[in-house]
Number of protein chains: 2
Amino acid sequence: MSDATDEVQIHRGLQGVYFDRSEVCDIDGRAGELWYRGYSIHDLAQRSTFEEASYLLFNGDLPTSEELGRWTRELVAARTIPAPVIEVIRSVKDAHPMEVLRTAVSALGAFDPDVADNSPEATLRKSVRLASQVPLIVAAHHRIRQGLEPVEPDPDLGHAANFLWVLEGKRPSEDAARLMDLDLILHAEHGTNASSFTARVVAGTDANLHASVTAAVAALSGPAHGGAAENVMKMAMEIGEPENAAAYVKALRDARKPVMGFGHRVYRTEDPRARHMREGVKRLSEEKGEPKWYAILEAVVAAMKPYARLGVNVNVDFYAGVVYYLHGIPEDLFVPIFAVGRTPGWCVQVVEQYRQHPHPPAHALSGAPRDYVPIEGAE
Amino acid sequence: MSDATDEVQIHRGLQGVYFDRSEVCDIDGRAGELWYRGYSIHDLAQRSTFEEASYLLFNGDLPTSEELGRWTRELVAARTIPAPVIEVIRSVKDAHPMEVLRTAVSALGAFDPDVADNSPEATLRKSVRLASQVPLIVAAHHRIRQGLEPVEPDPDLGHAANFLWVLEGKRPSEDAARLMDLDLILHAEHGTNASSFTARVVAGTDANLHASVTAAVAALSGPAHGGAAENVMKMAMEIGEPENAAAYVKALRDARKPVMGFGHRVYRTEDPRARHMREGVKRLSEEKGEPKWYAILEAVVAAMKPYARLGVNVNVDFYAGVVYYLHGIPEDLFVPIFAVGRTPGWCVQVVEQYRQHPHPPAHALSGAPRDYVPIEGAE
């Protein structure tokens, strides 16, 4: 991965370079395993909520039900955008949603009472606010560009359900809310990827949280980072019917072109997050009376089987796009939804970076895996 | 600089890690030398203009007078901010100028006709626009927060003189304009520092130029990156009179605290840019009838002499702050002025990153030093 020329060793793409140790997340790319603070993503996906998973990421341990109640109330109380930031969104409303999100997150820094305070306590307060504000920004912009007014958040709804409510202006079904919740849990954190790395580099100069997260949004807007879900949906539409999938894949592979939603910089086997989204796509596409989308994706997976031994496996974004599509969410919001999910991960890595100094970033592991204890049992 | 723990080698702060080769800038930290595209910073500082130096950075060679004329006209033509971005600035006007600059640069992306086009040609067009727009943003915000209207740019003024004009609303003296021009040349590019590195990481995801430069502004806002000039000015004010400098320095050093404006991550001798600013401070502080500021700085340098053999030498920002202060520029604009100077460097590194792929960044050298040829002789 690195070439030695003259005396200087060049590490292209920073492959294999470690900057620090991180306690937030652990990834075993060969085994296809992912842990948040030692808890397997499978346990969290099946048994947790976004609120619980985000508490875990920030606080290092699963919450008691009292702690979770308090955390949830803090997230709910933070569901508000200063009026001038809504004006900023109106000023840039015709731009791509990622341009708008980046600008609005940056503008939030102008109004946050703790903006310049990088202490762990202030950064945690700001993180809670951003976790609640990022979905509101995405939704408010989507409403405004359709000529509608932003929807008032509903304090009785959970994080994921409220996001769908403010985005669409109608109550989501329990199943739809649960699937969005799952999506946000799966995207909440993933080690030193490009956007989290960017957040850490910025935090490494002692820049504040809003600067760091604005920069992370900027990095996520790059198609090579956040664009997979959108591209998979485009591919599924081009394929059109399941029986076309094999020929479509073969034509791409013969031309040595990549098939969207396969392969990952870290995983050498199936992305452990993919299986949970797969089940969601199956259920949702049947529920919506459009089973062909699930059938197309599975036909693509079958056609890709011969290449799987080369380490080209399906990743989480292979299924995410179809979920959003079946919800009626336009393609240009797929990456912003990724940002909604990843905001806690960016914030917690900034907290960690402030603590660790000096300057840049991380990628490493720590601690042993832990068994998930459902919240009833934790009391 | 790296500690090996378990089997993983950790490179803290990315010290000594190279990501790629860069053709833009070359730094010899031991010798205290800096070149832009092979031309010594001393030649450029003494004989060039910001327009010429920025042409060189983007195009790789010094311009003929015809090329410089065209480049200058392009920069002048780009001196305009879309009205909605002025509205964005008004919405966040009470924030720190770096929060405002980051937000406004981000908002510019919403209106740039080439925003999503990452081709070298489109990126160059966008770079020219940003080089002219960043100073206008800094100035417009400063006017607006004082309850004044932004000043119309003057197409007959050079880049630096126009910046002072739109900032202050009065014609700068030739000397003042020349000193700002020098400051912008000296800050235009400096290899893989934290903000340029951030821009490259973001560009490495195929994110667009506005995303990359927004992230660079975010990184520069960190006190550990852009804050030195401001801190030196605060220190000079605390010292108050030249005769207090020695005791002030001794107290800091005894307490093992850093003295502002000394030391640099790269240079092990005097920052080659410092001497040019020193001369400017000397002249300007006499001209303004406040010679004590130059005297205070020189007294601090004298008091630091015993520590110089440890590699603690004066850096460019040691003098820059006093220049701004003597111009009557408030302290919170010192870092934004750094951004005005550095915008070409960020942009040209993004162009280079797009070309080089895959993903992250650079720090290396290329080519032999070149003799500066003044533009008369180039024809």
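Below is a table of values for the structure above.
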item	result
Dipole magnitude of segment B:202-360, debye to nearest 20 (Cβ charges: Lys/Arg +1, Asp/Glu -1, about Cα centre)	540 debye
Amide H contacts of A:Ser40 (H built 1.01 Å from N, under 5 Å, at least 5 apart or other chain)	A:Arg370, A:Tyr372
Relative contact order [Cα under 8 Å, 6+ residues apart], segment B:162-309, whole percent	21 percent
FRET efficiency, 1/(1 + (r/R0)^6) with R0 41 Å, evaluated for B:Asn59 and B:Ala255 via beta carbons	0.25
Rh (Kirkwood; distinct C-alpha pairs) - segment B:240-321, Å	13.0 Å
B:Gln9-B:Thr269 FRET efficiency (beta carbon distance; Förster radius 25 Å; 0.05 resolution)	0.25
Of A:Lys257/A:Lys288; B:Lys234/B:Lys257; A:Lys250/A:Lys305; B:Lys170/B:Lys292; A:Lys234/A:Lys282; A:Lys93/A:Lys234, those spanning more than 21 Å from alpha-carbon to alpha-carbon	A:Lys257/A:Lys288; B:Lys170/B:Lys292; A:Lys93/A:Lys234
Potential lengthening between A:Glu149 and A:Glu241 on full extension [0.36 nm per residue; Cα-Cα distance subtracted]	29.4 nm
Within segment A:53-168: Cβ-based charge dipole about Cα centre, in debye rounded to nearest 20 (Lys, Arg +1; Asp, Glu -1)	320 debye
Paired Rg and Dmax values of segment A:182-279, which use every Cα atom, in angstrom	16.8, 54
Estimated 222 nm signal from helices in chain B, with DSSP H stretches of n ≥ 4 weighted -39500 (n - 2.57), rounded to 500	-18000 deg cm²/dmol
Rg over Rh, two decimals, segment B:152-209 (C-alpha only, Kirkwood Rh)	1.17
Distance in nm between pseudo-label sites at A:Arg30 and B:Asp117 (7 Å out along the Cβ direction from Cα)	4.8 nm
Semi-axis lengths, Å, segment B:68-178, gyration tensor of Cα atoms, sqrt of 5 times eigenvalues	22, 21, 10
Viscosity 0.890 mPa s, 25 °C: Kirkwood-radius Stokes-Einstein D of segment B:97-151 over Cα pairs, µm²/s	204 µm²/s
Normalised contact order of chain A, rounded percent, pairs of Cα under 8 Å and 6 or more residues apart	28 percent
Segment A:29-83 - Rg over Rh from alpha carbon coordinates, Kirkwood radius	1.09
Long-range tail of P(r) for the protein assembly as shown (Cα pairs > 48 Å, %)	19 percent
Under 5 Å, built H, 5+ apart or other chain: amide partners of B:Glu33	B:Asp28
Theoretical FRET efficiency, 1/(1+(r/R0)^6), r = Cβ-Cβ of B:Arg283 and B:Ile375, R0 25 Å, to 0.05	0.50
Accessible area (Å², 1.4 Å probe, nearest 10) - B:Thr269	50 Å²
Average Cα contact separation per residue, segment A:113-192, under 8 Å, 6 or more apart, as relative contact order %	20 percent
Computed over chain B, the ratio Rg/Rh where both radii use C-alpha atoms and Rh is Kirkwood	0.96
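The values are calculated or read from the model by the stated rules, or taken from the named source; none is laboratory data. Not measured: the values here are computed from a predicted model. Because the Cβ atoms are built from the backbone with ideal geometry, glycine has one as well, and the counts that use them run over all protein chains shown. We work out accessible area using only protein heavy atoms, side chains counted, and drop any ligands, DNA or RNA first. Shrake-Rupley method; radii C 1.70, N 1.55, O 1.52, S 1.80 Å.
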